[in-house]
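The values are calculated or read from the model by the stated rules, or taken from the named source; none is laboratory data. All figures in this text were calculated on a predicted structure; none of them were measured in a lab. Here Cβ is always computed from backbone atoms with ideal geometry, including for glycine, and neighbour counts include all displayed protein chains. We work out accessible area using only protein heavy atoms, side chains counted, and drop any ligands, DNA or RNA first. Shrake-Rupley method; radii C 1.70, N 1.55, O 1.52, S 1.80 Å.
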Amino acid sequence: MKRPRFFEGVVVALVASLVGSILFTALTPIFAGGGVLRLLIAGMSLGYLLYLLGSSHQRVGHLTVIIGWALLAGVTWLLEPPLMLYLLVHLLALWLVRSLYFYSSLLSSLADLGLTGLSLAASIWAFLHTGSLFLGIWCFFLVQALFVAIPDQLGAKPEAAGPDQTDDERFERAHRSAQAAARKLSSI
């Protein structure tokens, strides 16, 4: 499966923004505001986690990741840390999953961590300046969609001829094969 594209991230941002703001509006009169926000953070984190796992080319460890996330979400729900710490725990869990499934270098993973921090800052800025939960969620996931621009191996040297061979080695191997084929033909 191919790596996700930016447009897919935009669609995820739109869906998450719509669902999050509608659920917040519908559930706030029923439950206390902080409880609804915690529920939305956990639910959107799970949804984004499933999106990441579904768009990853790796097929190993999905059940383990989901169980680990569920344990982490359950423990943080029971401990009831401050809302910002609760949000940071979920963000770090998502960053870790994305780092494990989409990157193979430390620099790429650190760049993604910076992107996660930037998305949180953009989200808080949008929410504080507009008062709109929809725009806060939209900005968060829209910046998160940029993770597709981070290369798999940031800082790695490009390989010119192949993983293990230079052009000269490949030529010599092809030359030997051609000579062997010519000898077989001439012996017939």
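For residue 80, the requirement of being charged (D, E, K, R), closer than 19 Å to residue 139 by Cα and open to solvent by 70 Å² or more (accessible area, probe 1.4 Å) is not met. One residue alone among 108, 99, 119 is touching a Pro at 6+ places or on another chain (Cβ under 9 Å) and open to solvent by less than 50 Å² (accessible area, probe 1.4 Å), and that residue is 108. Residues in segment 105-155 that are aromatic (Phe, Trp, Tyr) and within 18 Å of residue 51 (Cβ to Cβ) were compared, and the one that is farthest from the chain's Cα centre (by Cα) is 138. Under the condition of being charged (D, E, K, R) and modelled with pLDDT under 90, which residue from segment 1-28 is least open to solvent (accessible area, probe 1.4 Å)? Restricting to residues being charged (D, E, K, R) and modelled with pLDDT under 90, the top hit is 3.
Rundown of residues vs (1) assigned to a helix (DSSP H, G or I); (2) closer than 25 Å to residue 16 by Cβ, yes/no style:
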{"position": "54", "(1), (2)": "yes, yes"}
{"position": "57", "(1), (2)": "no, yes"}
{"position": "95", "(1), (2)": "yes, yes"}
{"position": "126", "(1), (2)": "yes, yes"}
{"position": "135", "(1), (2)": "yes, yes"}
{"position": "173", "(1), (2)": "yes, no"}
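For segment 124-153, the set of residues classified as farther than 22 Å from residue 62 by Cβ and open to solvent by less than 20 Å² (accessible area, probe 1.4 Å) consists of 126, 136, 137, listed by residue number.
All told, residue 65 falls short of being farther than 21 Å from residue 92 by Cβ and surrounded by 14 or more Cβ atoms within 10 Å (Cβ to Cβ). Given the structure, is residue 73 in contact with a helix residue (DSSP H, G or I) (Cβ under 9 Å, 6 or more places away or on another chain), among the small types (Gly, Ala, Ser), crowded, with 18+ Cβ neighbours inside 10 Å and in contact (Cβ under 8 Å) with a residue 40 or more places away in the chain? The answer is no for residue 73. Please verify whether residue 40 is part of a helix (DSSP H, G or I) and farther than 21 Å from residue 110 by Cβ, treating the condition exactly as stated. For residue 40, the condition - part of a helix (DSSP H, G or I) and farther than 21 Å from residue 110 by Cβ - is met.
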